[in-house]
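The values are calculated or read from the model by the stated rules, or taken from the named source; none is laboratory data. Fair warning: this is a prediction, and the values are worked out from it, not measured in the lab. Backbone-built Cβ (ideal geometry, glycine too); neighbour counts: all protein chains shown.
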Amino acid sequence: MCCLNKPINRKKNDIKVVNKRVKAKPPSTPSLNLVCDIDTLRTLIKKNKVRVVDVRKRDEYLKGHIKTAVSLPLAELLSNDDPESIIKILNNLGISDDTLVVIYDDTFGALASRVAWSFKFIGHRNVALLEVTYDNWKKLGLEIERKSNKYSKVSHSVDIDYSIFADAEYIENAQNDKNKIIIDSRERLNFLTEHIPNSKNIPYTMLRSENSILRNPSELKRFMENRGIDLNNEIITYCGSVGTLSGLAFFALKTAGISNVKLYPKSFKEWKSLGKPKTEFKDATYWDLSAE
Amino acid sequence: MAKSIDYDVLSSSKNKELETNEKWGLAEESEYFANKVKLYRQDKLNADEFRRFRLQNGAYGSRLNSEFSMIRIKVPGGDITPTQLEKIASLSESFSIGSAHVSTRQNIQLHWVQLEDVSEVFRGLAEVGLTSREACGNTIRNVMCSHFAGVCPNEPFDATPYAKAIARFFLRNPICQNLPRKFKFNFSCCPEHGYVRIADVGLVPTIRDGVKGFRVYLGGGLGAASFIGHLLEEFTPESRLLSTSIATIRLYDRLGNRENLARNRMRYLVSEIGWEKFQGLLLKERILVEATISIPTRKSYDGFLNTGDLNNTSISSTSTKSKIKLPVINSNSADTPYTRWLNTNVVAQKQSGYYSVYITLGAGDITSSQLRILAECIREFSLEKKARNTPQQNFLIRYIKADQLPKVFQKLSGNGLGNPGANTIVSTVGCSGTTSCNLAITNSHRLAKEIQSKFLELNIDLDKDYVDSTIKISGCPNSCGQHEVATIGFYGGATRIGTSMVPIYTMLFAGSTGENGELGKAIMRVPAKKVMDVVLKIFEHFKKERKGDEKLNEWIYKISNGNGAGEIKNVDDMKKLLLPIIELPAFSAAPDFYKDYGTDSNFVAKTARGECAA
Ligand code: HEM
Ligand code: SF4
C-alpha cells in the first residue's frame, strides 16, 4: 500500500520546504518538455545526459530495455510511495536534482505517468514521459540492450510540491467549487456505472494518438475548449485505483496548457473504501452494448 | 442562425482517393457543431433549436442522460472501406465505448459519446469521407442497398451506383432539410433480397426491352403502425429515377402531416388520401418536375451517378437469365468449426470463382479491435477491397477466391468473428433497446444476444430447417429492430402481473422481406424471461409437425394463415400450446422472472421523450 497520508500530516509543518520552490534554480541544465520525443532521447543517451527509467516489471526489463535504462517497476514505487522512500529510490537510481529523467512503460504511458508524477511530487523538476511505449521503440528498431544498469548513488533534495496533490478531503471541498473541475479518467462505461459526484469524464483512451502516448498539444487543447474548460481552471484527476490512468490525464492536461492540475493518487478505490457518496447511473443497460 | 453550409449543386468534383469511397463528410461541419454545443451550453441557443440541429447532424440523445449522444454514421448502400472501419475503431476507442453497433439500416452507431466530443467524432469521420449528417431528423435517411448488389446471381444489374447517386443528390439538398418526418430509400438487388416494401421509396432493379429501370414501391414503412408499399407503375426507367424521387419528396413535403407526430410519415399520407389519389398526384408532379428540372441539377445527379462504379469493368459481371438460388458451398464432412461456418456464412457470387463471406455479429456489436481485424481481412482477401454491412446487423466481405476461404476463416475465428449461422435463425437482430434508447421499454439488445448464444450452443446453425428464418427484436413498438418482417418477431412492452411490473414482449409470426414481403401478425405476449422457452417450444413442435422438408419459416407461415397440417393448425392452437409455458411463478418464489435481462433491479418501464420526430 502506498502511504501518501504521511505528507499530508506533515503538510503544515513543512511550509518552509514548500516555499523553497519559489527560489528558481539557475538553469544550469537544459530542461525537458513533459513529453520527450524519440530523437531528443536518443541524442541525450548518446551524450550520456539522461537517466532513462523503465517502469515495466523486472523480468521484462531483463529481457531487454532502452539503452542505459534503469529498472523501477511501478509496483516497487507504489509500495514505497512516501517522500522519504521516493527520495531513496531516486538516490539509488543515481538521479540527482539536475538529472534529466525520461520514463517509459509498455502500458500506453499510464505507468510511466504515475512514476513521473511521484518524482515531480517530491520535487524533481526535469522529468518527462517518452512519447512512445517500449514496444514501439523496439518495433522502430532503436537501441536496446539487456545488461542491467547501475549508477552511483547520489543525494537528491526534498522539495515536496503539494500543488499537484489531492486527497479525498480536497476532492470533497472541490466538488462544489465552480472553479475546480474533477476529472474521472476511466473508460466511459465505468464512469457511467459510478463516479465521484460532480466529476466529469475524460477517458484516458481519448488522450493518445496512434503513434504517441499523448496527442499533440493543440488537439488536447481543443478537447478542453470543446468542454468549456478554461486554461485557468484548476483540475483534479482521478481514476480507478492507484492513479495511473489519471496520471496520464495529469500529463495530458499539463500538455494542453492547463497550469493547475492535481492528481488524486488514491483515486476512486480509496473514495469508495471511505464510504463517500457516488453518483450511479442505473437507467440504462449500457454494459450489454459491449461486444466482449 | 449563423452561417449555414451551402449546398452546391454544381460541384460534382471527382475526389477519388485510392481505397476510399465517395466523400460524404465535410470537415467544416465539425467545427460548426462544436460551436453550437458551446452556444447551447452557454444558454445562447434554446434546447429545442439545438436538438433539431443535433439530430440533423446525426446525433441522438442517449437514454435518460442528455449529457451523452448516440452518433449514427451513415454508410450509403452499406459500402465501407477498411480505412473507414479503422477510423471508426479508433473514434470509438477515443470517444465512445470501444465498440460499434451495426444498425438495421446499414448505419454504424457509436454510443454514449459525450456531447462535447461529438464534433471530434465528426472531424474524424470527415477525414475518411464519412458523415452522420441527416442520419436522424426529418431528412432523407441513409439510403440502403442490398448487400448482394453487384454479386447477386438473380439481379439484372448492380443498383449500388443508383443508390449512391440518390444519397449524394439529396444529402444537404435544401429540398429535404425539413420534411414532415424522416424519409427512407431502400434499393434491392433482386426480388428476393432487400427491404423494398417497408421503405418510403423501395426500388427493385429490372430491365425492360433492354432498358434499365426499377419497380418503385411507395409508402411502406414500419413503426407503431406499419404499412407495405404500393407499386407506382410496372416499370420506371432509370432515366426517370431522379424525377420520380424528387416528385415524391415534393409531394410529401407539401401534403404530409406536420401536426400529428404519430402520423407524419408518408405512409399515413398515402393511407389517408388513398393510394390511387396519391399515385395520380405523384405522376402529375413528376411531369412538372421533369418539365422544370434545371440542367445543372440534372447534370449534378448524372455526375454522382458516374462517379459510382457504374461500369466497373475490372470485375466481370455475368448476368444470368434464369432465376437461381444463391448457392452455398455444401460440404458434407464432419461439423468442424470451419465447415459449420462454410455452410451458413459463405455464399457464391454470380462471378464464378468468387465468394462472399458473412461476419455474424451479436445484435450488431463489434469491438474496435475486431473492426481492425475486419479491415485487415478486407485488404488481404477481398478483390474489391470493401465490405458491406447488412440489415441483419452483420458484415459481408465480397469477392473472395475459394482457395482463400480457409485463411479468411482462420483470421476471423481467431478474433471472435467466425461464428456460424449468418443465413439462419441464429443471426438474431436486436435494436439498441434499454442499452441506449430513450424510448426503450425492454432490453431487446441483450435478449437478441442471449438467443443467439443459446442457438449456437444448441448447434441450430447445423440444421438446414432454420435457414432463411429470422428472429428480430425491438425494445418498443417503434420497430427499429424490424420485428414485423421477421419469421418470429418480438417487440417490448410492460405489464403488471400481481403487484409487480414485468418486461414483456409481443410475439409476431410470419413477417418477411423482399418484393413480396409481408408484415407479421401479433400472436401473444410473452414475459421477457420466457421468450427463450417459447421459441424452443415452437421449434420442438415444428420438428414434430412440419411436412417433408418444410423449413421453419414456411411452417410458421402456414400456421399464421390457419393452414397447419398437424396438431397445430392455426394461431389459436399455437397459443394454447404456449400458454402453460408463459405462466410466471410467484414473485417471491422467482423474482428473476420479473426482471429484465442485464439488470438486477426490479423492472420499471422508464422512458423519456423520443427524438424520432424532432
Ligand atoms: C418515436 C420514435 C421512433 C420511431 C417511430 C422509430 C422508428 C424506427 C423505424 C421504423 C426504424 C427502421 C426500420 C426500417 O425502416 O427499416 C428505425 C430505425 C432505428 N431506430 Fe428508430 N425510431 C424512433 C426513435 C428511435 C430512437 C430514440 C432511437 C435511439 C436513440 C432509435 C434507434 C433506431 C435504430 C438503432 C434504428 C436502426 C436503423 C437505422 O439505422 O436507422 N430510434 N426507427
Ligand atoms: S424499437 Fe423502440 S427501443 Fe428499439 S431503438 Fe427503436 S425506439 Fe428504441
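Anything in region B:237-251 that is within 20 Å of B:Met266 (Cα to Cα) and hydroxyl-bearing (Ser, Thr, Tyr)? List them, or say none. Working first, answer last.
Start the filter on region B:237-251 by keeping residues that are within 20 Å of B:Met266 (Cα to Cα), which leaves B:241-251.
Of everything in region B:237-251, those that are within 20 Å of B:Met266 (Cα to Cα) and hydroxyl-bearing (Ser, Thr, Tyr) turn out to be B:Ser243, B:Thr244, B:Ser245, B:Thr248.
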Total residues in region B:582-613, condition over 26 Å from A:Glu280 (Cβ atoms) and surrounded by 13 or more Cβ atoms within 10 Å (Cβ to Cβ): 4
Strands (runs of 3 or more DSSP E) lying entirely in region B:338-439 (those with 2 or more residues that are more than 30 Å from B:Ala608 (Cβ to Cβ)): B:346-348, B:354-359, B:387-389, B:395-401
Those residues of region B:256-267 which are assigned to a helix (DSSP H, G or I) and free of Cβ contacts under 8 Å to residues at least 24 places away in the same chain, in sequence order: B:Arg263
Index of the failed condition, A:Asp167 passing every other in (1) within 14 Å of chain B (Cβ to nearest Cβ); (2) acidic (Asp, Glu); (3) surrounded by 15 or more Cβ atoms within 10 Å (Cβ to Cβ): (1)
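Does B:His101 satisfy being within 14 Å of chain A (Cβ to nearest Cβ), within 15 Å of ligand 1 (Cβ to nearest atom) and buried (at least 24 other Cβ atoms within 10 Å of the Cβ)?
On the way: within 14 Å of chain A (Cβ to nearest Cβ): yes; within 15 Å of ligand 1 (Cβ to nearest atom): yes; buried (at least 24 other Cβ atoms within 10 Å of the Cβ): yes.
Criteria met by B:His101.
Results for (1) surrounded by fewer than 24 Cβ atoms within 10 Å (Cβ to Cβ); (2) away from every other protein chain (no Cβ under 12 Å); (3) touching a residue at least 40 places away in the same chain (Cβ under 8 Å), shown as yes or no for each residue.
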| site | (1), (2), (3) |
| --- | --- |
| B:Gln410 | yes, yes, no |
| B:Pro420 | no, yes, yes |
| B:Ser432 | no, no, yes |
| B:Ala440 | no, no, yes |
| B:Arg446 | no, no, yes |
| B:Ser453 | yes, yes, yes |
Residue list for region A:68-86, restricted to those being surrounded by 21 or more Cβ atoms within 10 Å (Cβ to Cβ), at pLDDT 95 or above and more than 15 Å from A:Lys57 (Cβ to Cβ): A:Ile86
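Would you please name the residue that is nearest to ligand 2 (Cβ to nearest atom), looking only at residues in region B:574-614 that are of a type in the set (Val, Ile, Thr) and away from chain A (no Cβ under 14 Å)? Working first, answer last.
Of the residues in region B:574-614, the ones of a type in the set (Val, Ile, Thr) are B:581-582, B:599, B:604, B:607.
From the residues that got through so far, the ones that are away from chain A (no Cβ under 14 Å) too are B:581-582.
Numbers: B:Ile581: 25, B:Ile582: 22 Å.
Per the stated criteria, the residue is B:Ile582.
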Within region B:65-88, tally of residues that are within 11 Å of chain A (Cβ to nearest Cβ) and either within 15 Å of ligand 1 (Cβ to nearest atom) or buried (at least 23 other Cβ atoms within 10 Å of the Cβ) (or both): 4
Some residue of region B:54-64 being of a type in the set (A, V, I, L, M, F, W, C), surrounded by 24 or more Cβ atoms within 10 Å (Cβ to Cβ) and either away from ligand 2 (no atom under 16 Å from the Cβ) or free of Cβ contacts under 8 Å to residues at least 24 places away in the same chain (or both): no
Region B:173-197: number of residues that are near ligand 1 (Cβ under 10 Å from one of its atoms) and out of contact with any strand residue (DSSP E or B) (no Cβ under 6 Å at 6 or more places or on another chain): 3
Number of the exception - B:Asn178 against (1) modelled with pLDDT of 95 or more; (2) surrounded by fewer than 23 Cβ atoms within 10 Å (Cβ to Cβ): (1)
Yes/no for B:Val113 being facing chain A (nearest Cβ under 10 Å), surrounded by 23 or more Cβ atoms within 10 Å (Cβ to Cβ) and either under 19 Å from the mean Cα position of the chain (by Cα) or closer than 28 Å to B:Arg63 by Cβ (or both): yes
Every pair of residues 6+ apart whose Cβ atoms lie under 6 Å, when the first sits in region A:202-219 and is facing another protein chain (nearest Cβ under 9 Å) while the second is part of a helix (DSSP H, G or I) and among the small types (Gly, Ala, Ser): A:Thr205/B:Ser94; A:Met206/B:Ser94; A:Leu207/A:Ala252
Residue match in region B:56-64 (condition: in the same structural domain as B:Glu31 (by TED's automatic domain parsing) and part of a helix (DSSP H, G or I)): yes
Qualifying positions in region B:487-501 - buried (at least 24 other Cβ atoms within 10 Å of the Cβ) and away from ligand 2 (no atom under 13 Å from the Cβ): B:Thr487, B:Ile488
In region B:384-408, residue nearest to ligand 1 (Cβ to nearest atom) [restricted to those that are closer than 19 Å to B:Thr470 by Cα and away from chain A (no Cβ under 14 Å)]: B:Pro391
Qualifying strands (runs of 3 or more DSSP E) (wholly inside region B:158-254; at least 1 residues being of a type in the set (Ser, Thr, Tyr)): B:201-208, B:211-218
Spans of helices (runs of 4 or more DSSP H) in region A:73-152 with at least 2 residues within 24 Å of A:Ile213 (Cα to Cα): A:74-78, A:110-121, A:134-139
Cβ-Cβ under 7 Å pairs, at least 6 apart or on other chains, region A:49-66 side surrounded by 15 or more Cβ atoms within 10 Å (Cβ to Cβ), far side outside any strand (DSSP E or B) and of a type in the set (Gly, Ala, Ser): A:Arg51/A:Gly94; A:Val52/A:Ala69; A:Val53/A:Ala69; A:Asp54/A:Ala69; A:Val55/A:Ala112
Of all residues in region A:253-288 being in contact with a Phe, Trp or Tyr (Cβ under 8 Å, 6 or more places away or on another chain) and among the aliphatic types (A, V, I, L, M), the one that is nearest to the other protein chains (Cβ to nearest Cβ): A:Ala256
Unique residue being buried (at least 18 other Cβ atoms within 10 Å of the Cβ), of a type in the set (Val, Ile, Thr), under 26 Å from the mean Cα position of the chain (by Cα) and away from ligand 2 (no atom under 16 Å from the Cβ) when the list is B:Val531, B:Val535: B:Val535
Per-region count, region B:116-150, residues within 14 Å of chain A (Cβ to nearest Cβ) and outside any helix (DSSP H, G or I): 1
